Amino acid sequence: MMKNIPLSALIGLVITATYFIAAALAPVIAPYGMAEVVGDVWEPSSAEHLLGTDQIGRDLLSRMIYGGRTTIWIATLATILSFATGSTLGFFAAVMGGWVDMALSRLVDLFMSIPSLILALVILSSIEATVVTLIVLMGLLDSTRVYRLARAVAVDISVMDYVEAARLRGEKLKWIIFREILPNALSPLVAELGLRFIFMVLFISTLSFLGVGVQPPLADWGGIVKENKEGINFGIGAALYPAVAIATLAISVNLVADWVLNRTTSLKGGRG
Amino acid sequence: MHPIVKLVAQRLALGALLLLAASALIFGLTEALPGDAAQAILGQAATAESLANLREEMGLNRPALTRYFEWLGGILTGDMGVALTNKLDIATSVASRMSNTLFLAFWAALISVPLAILLGLIAVRYQNRWPDKAISGVTLASISLPEFMIAYILIFFFAVKLFWAPSFANISPSMDLLDKLHAIALPVAVLVMVVLAHMMRMTRAAILNVMQSAYIETAELKGLTGFQVIARHAFPNAIAPIVNVVMINMAYLVVGVVVVEVVFAYPGMGQYLVDAVVKRDVPVVLACGVIFAAVYILLNIFADVVSILTNPRLRHPK
């Protein structure tokens, strides 16, 4: 399987893995603490502070590593929630058909008729933004997109003979959804996973940048931009590092997702 | 009745229903979640008694359905109530900010739409050669960066290093058009970059799709020149998808505006909404939220109607 991996996907895989490992091991590899003030305001990069310091003298490299941990952690959990909810409901609607399908699909249409960012802002004006509420909010809002895909895929599968056979031998709904439909719908869903994850990274960064996402003193990439944005006017590029981090992560995940998609579609339904 | 009139009427009726449902969803969300206007005014430390008194005074104790229809009626007649934080009339603030936001969006659209269609045509003309590949590359890069990142990168180079344009887009009614345009140069550039890539990629796909149809081949085989094929056969069939693409991106522009206005401290609707969210000013959030949702939905309905009207098969039924 790993033999035919194209160079672009390999690069993507290595960079993505690096970000995830850095996120997991943040306390070990970060040279300083997340909230530790170790220098002067906006020091340029030096041997002690590879990326310099931030607006109150914290080590920017350490902030970036801890920030990546928060961003990636929230985005990952929100993606998992979005897929679990969206695909279960999508399969359920496809298998049940009739008014259940109709009601769920129209509800999803309604949520999708309003931009996610606007809905998120309206909701965040009423609830406290904590890591948990952000994950639940983003995961549920995004599950509408997964629902659409999952339902479309499952509608095709649910008319297959083997699903009919399973129904006739009296299998329960749970069996049909998880043993018949899920294994056959996995390929397109896995390819979508990468794109949804990137969307989550951009979404949480935007919310934090607007000041309604991750709250200080916790660091995250969008928050680091917000904290250091004044520096831009003095020609200090501290706020631009998260841009580099987000862009490289997004492009790497896209490269991997493209490869997964090509590999699964070229096998015409086979799952090697 | 001509079938096309029926189709359009159906779509408009469905759209009106969707607008109503969306306003109910937005109102319902703030209603269902903990915390209300009284809580926002008095803060977390308020006693139960003072909360109850204020709710009574503000009429928050009445059934949610009654208040929803009052609120909806107010929005429709231009009475949006007053902001909690500064007691200013919301409708007045919305009116001036809305015109600023439309000014920004108008210029972004005016630049990005022709540019995107032109670049989309170039990508089709040079399919799979370097201009096409360069366009896909730029697309990948631009969807990988959030709007505010593009904004700060532009500010860093064009406002701080080169002094070409201001990093704060402050405009006032007394400025003349040229000064205003200079002030909004960078935010317009960001918005153009945000929608351009997507729009030209989808334009490319739409035209390629039409160019692969059997009737294009027939037109070529019966000896029409390349220009005639495009003008008589490809273009009428590509208008619908292209208009659709443009409208979807204009709708996306509505969302992009929120973030871009915050970055450039531009006095528009987006900044108003985000400010209100941070200050938990629920009436302002509701008013702005429903306006943004309505504009987004209306643009999508418009896209649907145009694609019905421009479809030659629907216009000339058998």
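The values are calculated or read from the model by the stated rules, or taken from the named source; none is laboratory data. Keep in mind that this is a model prediction, so the values were computed, not measured. Ideal geometry is used to build each Cβ from the backbone, glycine not excepted, and the neighbour counts take in all protein chains shown. Ligands, DNA and RNA are stripped out before the accessible areas are found, and what is left, the full protein with its side chains, is counted by its heavy atoms. Shrake-Rupley method; radii C 1.70, N 1.55, O 1.52, S 1.80 Å.
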Elements of type helices (runs of 4 or more DSSP H) contained in segment A:60-157, each with 1 or more residues being farther than 25 Å from B:Val284 by Cα and in contact with a Leu (Cβ under 9 Å, 6 or more places away or on another chain): A:60-96, A:98-112, A:131-157
What helices (runs of 4 or more DSSP H), lying completely within segment B:203-305, carry at least 3 residues that are within 14 Å of chain A (Cβ to nearest Cβ) and in contact (Cβ under 8 Å) with a residue 24 or more places away in the chain? B:235-263, B:269-278
Looking at the structure I just gave you, is B:Leu178 part of a helix (DSSP H, G or I), over 26 Å from the mean Cα position of the chain (by Cα) and modelled with pLDDT under 80? no
Odd one out for B:Ser167 among (1) surrounded by 15 or more Cβ atoms within 10 Å (Cβ to Cβ); (2) touching a residue at least 60 places away in the same chain (Cβ under 8 Å); (3) in a helix (DSSP H, G or I): (3)
Residue satisfying all of: in segment A:215-236; under 21 Å from B:Val255 (Cβ atoms) and surrounded by fewer than 24 Cβ atoms within 10 Å (Cβ to Cβ); farthest from the other protein chains (Cβ to nearest Cβ) among these: A:Lys226
Mind telling me which of the residues B:Asp281, B:Asp304 ends up being out of contact with any Lys or Arg (no Cβ under 8 Å at 6 or more places or on another chain) and either open to solvent by 30 Å² or more (accessible area, probe 1.4 Å) or within 30 Å of B:Ala183 (Cβ to Cβ) (or both)? B:Asp281
Those residues of segment B:133-160 which are charged (D, E, K, R) and not in a helix (DSSP H, G or I), in sequence order: none
Unmet requirement for B:Trp107, which otherwise passes all of (1) in contact with a Leu (Cβ under 9 Å, 6 or more places away or on another chain); (2) open to solvent by 50 Å² or more (accessible area, probe 1.4 Å); (3) part of a loop (DSSP other than H, G, I, E, B): (3)
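One line per residue, one yes/no per condition, for (1) more than 23 Å from A:Asp156 (Cβ to Cβ); (2) surrounded by fewer than 24 Cβ atoms within 10 Å (Cβ to Cβ); (3) without any contact (Cβ under 8 Å) to a residue 24 or more places away in the chain:
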| position | (1), (2), (3) |
| --- | --- |
| A:Trp73 | yes, yes, no |
| A:Leu81 | yes, yes, no |
| A:Gly86 | no, no, no |
| A:Gly90 | no, no, no |
| A:Ser105 | no, yes, no |
| A:Val131 | yes, yes, no |
| A:Arg145 | no, yes, no |
Take segment B:137-151 and flag every residue that is out of contact with any Ser or Thr (no Cβ under 6 Å at 6 or more places or on another chain) and open to solvent by less than 10 Å² (accessible area, probe 1.4 Å). B:Thr139, B:Ser144, B:Phe148, B:Met149, B:Ala151
How many residues of segment A:237-252 are more than 14 Å from A:Ile65 (Cβ to Cβ) and more than 9 Å from every other protein chain (Cβ to nearest Cβ)? The answer is 2
Based on this model, can you work out whether A:Leu195 counts as closer than 21 Å to A:Val153 by Cβ, in contact with a helix residue (DSSP H, G or I) (Cβ under 9 Å, 6 or more places away or on another chain), away from every other protein chain (no Cβ under 14 Å) and surrounded by fewer than 21 Cβ atoms within 10 Å (Cβ to Cβ)? no
